[in-house]
Amino acid sequence: MADLVSRGAAAVRAANVLLRCAGGRSVLLRMPANASAGDTTEQLGLAAPEFQDVELAPVVFRKMRQAATALSVKVDKAARWELMVSATAVQGLVGSLGYSAASVLFATAFGVLIDGVLMEVVSATESGVFGTPYVYRLVLQSPLALVV
């Protein structure tokens, strides 16, 4: 059993090194800010929603290949991008923000801010070995206003 745990930890370390070497940049995950219970304007919907940006690093950001996007049933004009995120960074956020799982974290995220452009999270999947996730793959869609 200890051998499986050490292999899972080795895969996580290897993924972190590969992500750092293959681009190793950081992006911001835009999350809704916590609501304040005593604020009447917020309860009535009069206050503007607030967001907090949390850093995800190391990540690798690239445009999706045409073959992968051509398989989708609906036709989209928006470009699709792929973001590979370190599982170490995601697990740290899941714990510190109080979410039950990474899937819940990405489902509640408003989007990913990359170089000043807010992109929508279309899907999030994890890759793991021996029950330990080592990388998360986010499929992002650029805003339609930016499509020419």
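Each value in this text was obtained by applying a stated rule to the coordinates, not by laboratory testing. In this text the structure is predicted, and so the values were computed from the model without any measurement. Note that each Cβ is placed from the backbone with ideal geometry, even for glycine, and that neighbours are counted across all protein chains shown.
Annotation: the residues 61, 130, sorted from fewest to most other C-beta atoms within 10 Å of their own C-beta, follow the order 130, 61. Backbone phi angles across region 120-128, fed through the Karplus curve with coefficients 6.51, -1.76 and 1.60 (θ = phi - 60°), yield HN-Hα couplings of 7, 7, 7, 8, 9, 10, 10, 10, x Hz in residue order; Gly and Pro are listed as x. Each of residue 34 and residue 96 was given a label point 7 Å from its Cα along the Cα-to-Cβ line. The distance between the two points is 1.4 nm. Taking amide H atoms as placed 1.01 Å from N in the peptide plane, the amide H of residue 51 lies under 5 Å from those of 33, each 5 or more residues away in sequence or on another chain. Whole-Hz Karplus values for region 91-107 come out as 5, x, 5, 4, x, 6, 8, x, 8, 7, 7, 5, 4, 5, 4, 6, 6 Hz, taken residue by residue from phi with 6.51 cos²θ - 1.76 cosθ + 1.60 and θ = phi - 60°; glycine and proline positions read x.
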